[in-house]
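For reference, the structure discussed in these notes is given below.
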């Protein structure tokens with residue numbers, strides 16, 4: 001068998017002309033890529049934005065899938081009662097429970113991305129206002145008790161009436177006081193006092209020291225009267 005040709009210095013087989021050409025071409029392409037700053041493996045900004053947009057759409061769809069569609073009138077009633085009695089933070093839990101029954105507090109916390117102690121705090125506040133109800137069951141495997149929650153939507157009309165009646169009483173009390181008392185205020189509007197309280201300070205503002213004058217509160221009285229009429233129509 002014919003022996004391969006070796007170089008004089010190293011004694012290794014000499015590279016063929018074709019191999020040399022391939023190496024030269026590879027080096028040339030690498031140099032071009034380095035100069036142009038091209039990076040085939042790097043994701044372009046447009047691709048990153050498209051990927052993020054796709055992810056956002058999927059996330060939005062997942063969130064919407066958790067909540068049942070309701071009418072505007074129904075949504076307005078829920079918001080009015082829950083915001084007034086518990087707070088806006090509790091709305092998400094109420095919306096999630098629409099159309100569901102006997103939902104574990106752990107499922108609620110997980111699905112709405114809430115810490116369990118925060119979820120429980122909101123759930124019990126809603127329970128105190130009779131917006132939610134629950135039953136307790138013992139977990140056969142873990143041994144502890146778990147609460148399963150339901151939305152008492154039928155209670156909302158009664159709760160709304162209760163809220164309206166409470167507001168009416170407060171407005172009527174305020175109107176009575178505004179109509180039968182005289183109020184004083186300094187020119188800087190630091191504070192507002194009735195006659196007895198103003199006398200204690202010798203009709204001088206305790207904040208700025210300016211003299212307090214009698215205030216014309218007719219606009220306040222008119223506003224309270226209009227607001228009372230509005231709420232009367234709702235009862």
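The values are calculated or read from the model by the stated rules, or taken from the named source; none is laboratory data. Everything quoted here is computed from the prediction, not taken from an experiment. Cβ: placed from backbone, ideal geometry, glycine included. Neighbour counts: every protein chain shown.
Checked against (1) under 30 Å from residue 221 (Cα atoms); (2) at pLDDT 95 or above, residue 162 passes all but condition (2). Only one of the listed residues (195, 203, 183) is modelled with pLDDT of 90 or more, surrounded by 11 or more Cβ atoms within 10 Å (Cβ to Cβ), on the phi > 0 side of the Ramachandran plot and not assigned by TED's automatic domain parsing to the domain that holds residue 84. That residue is 203. Considering the range 144-157, and only residues there that are in a helix (DSSP H, G or I) and surrounded by 12 or more Cβ atoms within 10 Å (Cβ to Cβ), the residue that is farthest from the chain's Cα centre (by Cα) turns out to be 155. Counting the residues of the range 211-232 that are more than 41 Å from the chain's Cα centre (by Cα) and surrounded by 14 or more Cβ atoms within 10 Å (Cβ to Cβ) gives 2. So, residue 176, is that one closer than 28 Å to residue 233 by Cα, under 38 Å from the mean Cα position of the chain (by Cα) and either touching a residue at least 60 places away in the same chain (Cβ under 8 Å) or not assigned by TED's automatic domain parsing to the domain that holds residue 84 (or both) or not? Here the answer is no, as residue 176 does not meet what is asked. When residue 127 is tested against (1) touching a strand residue (DSSP E or B) at 6+ places or on another chain (Cβ under 7 Å); (2) within 17 Å of residue 70 (Cβ to Cβ), exactly one condition is not met: (2). Take the conditions out of contact with any helix residue (DSSP H, G or I) (no Cβ under 6 Å at 6 or more places or on another chain) and within 18 Å of residue 214 (Cα to Cα) and apply them to residue 183. Does it pass? Yes, satisfied. Looking at the structure I just gave you, is residue 125 part of a helix (DSSP H, G or I), surrounded by 11 or more Cβ atoms within 10 Å (Cβ to Cβ) and at pLDDT 95 or above? Yes: the conditions hold for residue 125.
A quick yes/no check of all residues on (1) more than 27 Å from residue 85 (Cβ to Cβ); (2) part of a loop (DSSP other than H, G, I, E, B); (3) in the same structural domain as residue 86 (by TED's automatic domain parsing):
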residue: 120; (1), (2), (3): no, no, yes
residue: 162; (1), (2), (3): no, no, no
residue: 190; (1), (2), (3): yes, yes, no
residue: 221; (1), (2), (3): yes, no, no
